[in-house]
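**Q** For reference, the structure I am asking about is given below.
The values are calculated or read from the model by the stated rules, or taken from the named source; none is laboratory data. Quick caveat: nothing in here was measured; it's all calculated off a predicted structure. Don't worry about glycine lacking a Cβ; one is built from the backbone with ideal geometry, like all the others, and counts go over all protein chains shown.
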Amino acid sequence: MRFSRAYIPTTKESPKDAQLPSHIYLSRAGFVAQVASGLYNFLPLGKRVLRKIENIINEEMAVCGALEVDLSFVTPAELWQESGRIEKFGKELLRFRDRKDNLFVLGPTHEEMMVSIVRNRVTSYKQLPLNVYQVKTKFRDEARPRFGLMRAREFVMKDGYSFHSSTEDLDREFDAMEAAYKRILERLGLEFRIVEADSGAIGGTGSKELMVLADSGEDTLAVCDTCEYGANVEAARRAPRTVIPEAPQADFARFKTPNIKSIEDLSNFFHVDPYYTLKAVVMRAVYTEGSEPVCFFIRGCDELQEVKARNSVGANDLVDISEAELMEIGLVPGFIGPLDQNKIRFVMDNDTRDATTMICGANEADYHFVGVDLNVMKDVVFADLVTVQAGDGCPHCGGKMEHTKGIEVGHIFKLGTVYSAPLKAEYLDENGRSQPFIMGTYGMGVSRLVAAVIEQHHDEKGCIWTHATAPYLVNVMVSNIKEETHMAYAEELYTTLQSRGIEVILDDRKERFGFKMSDAELIGFPFTVIVGKELENGLVQIMVRSSGEMITVDAANVLDKIEELRR
RNA sequence: CGGGGCGUAGCUCAGUCUGGUUAGAGUACUUGGUUUGGGACCAAGGGGCCGGAGGUUCGAGUCCUCUCGCCCCGACCA
C-alpha cells in the first residue's frame, strides 16, 4: 500500500472524549472513529488489525477441529423467551419489531441460536462431540459504554460452543480450548494470565478468564508470584494462614467499649491484632422474589468480597442497608455480633471456624464481648467470604499472592446442561435414552483485543503493534520524495518486500521528515525503513518502534536485516 | 438509572458570568512561492442553523424553560 493512496487520517490532537491510551492512539492514528456512544467505525488500518486477530483465531480453531459458522445477527425474541434470558438480560437486549410486528433482538451472545441450530439435527451420541463457533458482531445496550473499544455496545466477539455426551469429554474439550486460547494470545504477542473466575448466576462447574495484563484493566486479579495460579479477585482463594498473631489473653466477658465502633478503634482500644476482632457487614440480599438483610462475619483484618458473599446466600444482588433499617431489626451499628441473637440471617467466613479469644460486638450499644470462643455457636453457616489480599499465601504452592489489573479478553465456561435442558436440546445415548447435551462455551473479544494490544503496548508517542497485529510490518519512508534516486530505491525495496510476503506500506507522501516520523511512531509500525540522505553512502536506517532503536544498515542488506529482526 | 461536566469551523478550544456592528484562534484543508533528517515559513483563500425547540428582549452564541447528544464517577456489565 502506498501511503499517498491510503486512508489514514492521523491527528495531532486527541479527541476530547478519549481517556485511555488505546482509545486516544487508535483514534489519533486513524484506526477507528467514534460514531455514537459505544459505537465505532473501523477505518482501513483498524480493519486490518481486526482481520489479523480473526485469522489467528480461525487458524487455531481449525487446529482443534472447531467448525466456523455464521449465525443471524437479528434473532427472534421467542428463543430468548424460551431460555428465560429475555428478562435476565433486560435492557441490554436491544429489541425491535419488524413490519409484521414480530419481536426481534440483536444478538448479545448466541447460546440460544447455537443450541437451536443443533437441536433436532444432532440426535445421536455418535455425532458428538461437536464444536462450532463464529466471529461475529454482537450488540449489548450497555448502561454505560466507556473506554473506547474496551466496552463498546457493538463489538466483535468470537463465540464458540461445544456439545458432548459426557462431562469427561467436555473436560477434554475445555482443556483443548484453553490451550488454543493460550496459543492465540501468545501468537498475538500479549502478556496474559489465565485465571479462575466466578461462574456467576449462570452456574456451571468451571470458568476461566483470559486476562491481558494492563494497568487500565477493569478487573483485579490475584496472582501467585511463584506458580501459575491466578484468579479474578471475585473468585480468588488463599492458603490458610501460617503466621498467626499472638493471641490475646482474656476470659469471656462483656466489656464496656464507649463509642468504639470501627475495627481500628477496637484494635487500638484493646491493643489486639485485628485478626482477633470480628467484623460484621450487613447487606440486603435481593432474590428473584423478595429480599432480606444478611450479616456477614469476617475477621477484622479481612475485607468482604461481595461476589463471594452474594454467592454464599444465593442472592441475585447485595445492596447497602441503612443504619435506620439496622436499628429497626434491633441491631446496633458498630456493635453487631453473632452471639445470642436471632435477629438476622448470618454467614461466617471459613477463617472464623474454631476461632477463639475473639472480640465481637455484644449487640448492645457501647459493649463488646471479649475472649469469645466461636465454637459455642451451633448450626453456623460457613463460606469463603473474604478478598484475597496482597501477601496472602497461594493455595497451590505457598508462594505469595499479589494483585494486578487485567483486561478480560476471553472467558471459557463449562455450561453443562444449563441451556440444553430448558431448550430441550437432546440426543439419544447408547441406551436409547434422551439426554440433554453437555455443553461448553468459549468466548473471545476480538475488537477488545485490538484495544488490549495497545493498552499493553504503547508509549507517549503512540501505538506499538506486535508483529502479529501490526497493520503493516514494515513502513518504507522516503525522507524527501523529490530525490529521485531515493524514491527509486524505495520503490524497489517496496516491491521486493511485497514479493517476499512481507506486509509493507510505502510512505511516499510529499511531507517533511519530522511529520512522517511522527506519523510512523503514532501509527506504530514495528519497523520503519528510513530512506534519506544516508543513501548517498549506501546506507539506510531501520527504526525499531518497540525499542526506539535506530539501526544503520547497508542499503543492499535491508531485507536480511528485516528478516532477522522479525524473528 | 442516580450524581457531575460539556455541546461554537473537519479536529482542539476561546468568547457565555456582565446580551449590542460582519462570531474568533490554533490546527487541518485549497492555491502560489520558499524549504526538505524530527509535526517548517510567507502570502492568499474556502469552511459555522454557536446541538435542537420554545421563550424573554428593540436585539440572544450569551438570559430562562424544555429537549437531544457526548464524557466522567457510581449502580450495572450471562
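**Q** Failed condition for A:T417, given (1) without any contact (Cβ under 8 Å) to a residue 40 or more places away in the chain; (2) not assigned by TED's automatic domain parsing to the domain that holds A:E54, with all others met?
**A** (2)
**Q** Something else: Does A:Y133 meet the test of being more than 30 Å from A:V35 (Cβ to Cβ) and of a type in the set (F, W, Y)?
**A** Spelling it out, it is not the case that A:Y133 is more than 30 Å from A:V35 (Cβ to Cβ) and of a type in the set (F, W, Y).
**Q** Exactly one condition in (1) on the phi > 0 side of the Ramachandran plot; (2) in a loop (DSSP other than H, G, I, E, B); (3) assigned by TED's automatic domain parsing to the domain that holds A:V313 is not met by A:G391; state its number.
**A** (3)
**Q** Limited to region A:180-200, what total is found for residues that are assigned to a helix (DSSP H, G or I) and of a type outside the set (A, V, I, L, M)?
**A** Total meeting the criteria: 6.
**Q** I've got another one for you. For region A:3-35, give me each residue that is in a helix (DSSP H, G or I), more than 24 Å from the chain's Cα centre (by Cα) and within 12 Å of RNA strand B (Cβ to nearest atom).
**A** Within region A:3-35, A:F3, A:S4, A:R28 meet the criteria.
**Q** Of A:A176, A:A285, A:A250, which residue is away from RNA strand B (no atom under 15 Å from the Cβ), of a type outside the set (V, I, T) and in contact with a helix residue (DSSP H, G or I) (Cβ under 7 Å, 6 or more places away or on another chain)?
**A** A:A176
**Q** Do any helices (runs of 4 or more DSSP H) lying entirely in region A:462-567 carry at least 3 residues that are at negative phi and within 13 Å of RNA strand B (Cβ to nearest atom), and which ones are they?
**A** Passing ranges, in order: A:484-499, A:513-523.
**Q** Please verify whether A:E460 is closer than 30 Å to A:E218 by Cα, modelled with pLDDT under 95 and not small (G, A, S), treating the condition exactly as stated.
**A** For A:E460, the condition - closer than 30 Å to A:E218 by Cα, modelled with pLDDT under 95 and not small (G, A, S) - is met.
**Q** Evaluate region A:195-204: report whether one residue or more is acidic (D, E), surrounded by 18 or more Cβ atoms within 10 Å (Cβ to Cβ) and farther than 30 Å from A:D17 by Cβ.
**A** The answer is yes; a qualifying residue exists.
**Q** Working carefully through the options A:M177, A:M157, A:M211, find the one that is in a helix (DSSP H, G or I), touching a Gly at 6+ places or on another chain (Cβ under 8 Å) and not small (G, A, S).
**A** A:M177
**Q** Could you tell me whether A:S124 is small (G, A, S), surrounded by 16 or more Cβ atoms within 10 Å (Cβ to Cβ) and not assigned by TED's automatic domain parsing to the domain that holds A:E289?
**A** Here the answer is no, as A:S124 does not meet what is asked.
**Q** Within region A:378-410, which residues are within 25 Å of A:D171 (Cα to Cα) and either of a type in the set (G, A, S) or touching a Ser or Thr at 6+ places or on another chain (Cβ under 7 Å) (or both)?
**A** Correct list: A:C394, A:C397, A:G410.
So that you can scan it fast, the table gives a plain yes or no per residue for (1) more than 19 Å from A:T466 (Cβ to Cβ); (2) of a type in the set (D, E):
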residue	(1), (2)
A:R500	yes, no
A:I505	no, no
A:F515	yes, no
A:G524	no, no
A:V531	yes, no
A:E534	yes, yes
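**Q** Additional query: Assess whether A:E402 counts as being surrounded by fewer than 18 Cβ atoms within 10 Å (Cβ to Cβ) and not in a strand (DSSP E or B).
**A** No.
**Q** Considering region A:367-388 alone, what residues qualify as being within 16 Å of A:T277 (Cβ to Cβ) and either at pLDDT 95 or above or surrounded by 14 or more Cβ atoms within 10 Å (Cβ to Cβ) (or both)?
**A** A:Y367, A:H368, A:F369, A:V370, A:G371, A:V372, A:L374, A:L385, A:V386
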